[in-house]
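The values are calculated or read from the model by the stated rules, or taken from the named source; none is laboratory data. These figures come from a predicted structure and were not determined experimentally. Cβ placement follows ideal geometry from the backbone for every residue including glycine, while neighbour counts extend to all protein chains displayed.
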């Protein structure tokens, strides 16, 4: 199954095309993504030093959208004043979301208390400015959901590269979140993710590449790229027994509604 540019409009909800991995061929990658039907990309930030490039790229390219935040894996990169700058950017009206933020318990010996404090501070900023969030969560879905409930966060968001259980996904949906499907779904061994993607309602799903990470199986061991998004769409549609056109249309509608992407 191959996507055609004329009848597919896809949104990559998590692309790090701003990173150095794309520095040498950024323009070519962006062109190929557009030719593949990718009409918009959401660019999350992970630490302050990378925010300005994201904001500059999104200002220069009308199909790139910023969602900056402070990632739980990079605690050593973050300073207290970074939250003040994030609050200022949130107030500017230019961001589509705060992200990627969350909790990562996969990392051995990580400071979970510091992660929790950082996550709650960013939830507070997002809530104060009515912004959804892009969640990075590993081995901590129950804790993230408990925090969202405790803080009364009402603006939803996207759970990036979701790899939890069906029950956890359903709990996120009840909290107003969309579940993002990435290249993992193209691997036969990813049985839990593939099964979960079939069971969930299409109205709760979106797709992403997480470029340059998590390449689809056809590009295993290579740099991932937003131009491969149709391959993720194809795998999702085939598993669900639905047409690529239907899945493309609904996942794009889902993103537009959450992030208010009128132009995408």
* **Condition broken by residue 196, with the remaining ones in (1) farther than 26 Å from residue 130 by Cβ; (2) surrounded by fewer than 16 Cβ atoms within 10 Å (Cβ to Cβ); (3) within 18 Å of the chain's Cα centre (by Cα) satisfied** => (2)
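What strands (runs of 3 or more DSSP E) completely inside segment 78-159 contain at least 3 residues that are in contact (Cβ under 8 Å) with a residue 40 or more places away in the chain and closer than 22 Å to residue 206 by Cβ? Can you show your working first?
On the way: elements: 98-104, 133-138, 157-159.
Because the criterion is at least 3 residues that are in contact (Cβ under 8 Å) with a residue 40 or more places away in the chain and closer than 22 Å to residue 206 by Cβ, the strands (runs of 3 or more DSSP E) in segment 78-159 that meet it are 98-104, 133-138.
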* Failed condition for residue 221, given (1) within 26 Å of residue 27 (Cβ to Cβ); (2) modelled with pLDDT of 95 or more; (3) touching a helix residue (DSSP H, G or I) at 6+ places or on another chain (Cβ under 9 Å), with all others met? -> (3)
* Scan segment 47-77 residue by residue and report those that are in contact with a strand residue (DSSP E or B) (Cβ under 7 Å, 6 or more places away or on another chain), in a loop (DSSP other than H, G, I, E, B) and surrounded by fewer than 20 Cβ atoms within 10 Å (Cβ to Cβ). => 63
* Asked: So residue 251 fits all but one of (1) surrounded by 23 or more Cβ atoms within 10 Å (Cβ to Cβ); (2) outside any helix (DSSP H, G or I); what number is the exception?
  -> (2)
* **Every residue from segment 206-218 that is surrounded by 15 or more Cβ atoms within 10 Å (Cβ to Cβ) and in contact with a helix residue (DSSP H, G or I) (Cβ under 8 Å, 6 or more places away or on another chain)** => 206, 207, 208, 209, 210, 211, 212, 214, 215, 216, 217
* Of the conditions (1) surrounded by 15 or more Cβ atoms within 10 Å (Cβ to Cβ); (2) at pLDDT 95 or above, residue 264 clears all except one; give me its number. => (2)
* **So residue 3, is it farther than 18 Å from residue 258 by Cα, modelled with pLDDT under 95 and in contact with a strand residue (DSSP E or B) (Cβ under 9 Å, 6 or more places away or on another chain)** => yes
* Asked: What pairs can you find where one residue is in segment 18-45 and without any contact (Cβ under 8 Å) to a residue 12 or more places away in the chain, the other is surrounded by 20 or more Cβ atoms within 10 Å (Cβ to Cβ), and their Cβ atoms are less than 8 Å apart, with a gap of 6+ or different chains?
  -> 26/17
* Structure fact -> Residue hits (segment 229-248; touching a residue at least 60 places away in the same chain (Cβ under 8 Å) and under 14 Å from residue 185 (Cα atoms)) are 229, 230, 233, 234, 237, 238
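So for segment 218-232 (the condition being part of a helix (DSSP H, G or I) and over 15 Å from residue 10 (Cα atoms)), does at least one residue qualify?
The answer is yes, given that some residue of segment 218-232 is part of a helix (DSSP H, G or I) and over 15 Å from residue 10 (Cα atoms).
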* Structure fact -> For segment 190-209, pairs from a residue that is part of a helix (DSSP H, G or I) to a residue that is surrounded by fewer than 20 Cβ atoms within 10 Å (Cβ to Cβ) and at pLDDT below 95, with Cβ under 7 Å and 6 or more apart or across chains, are 193/163
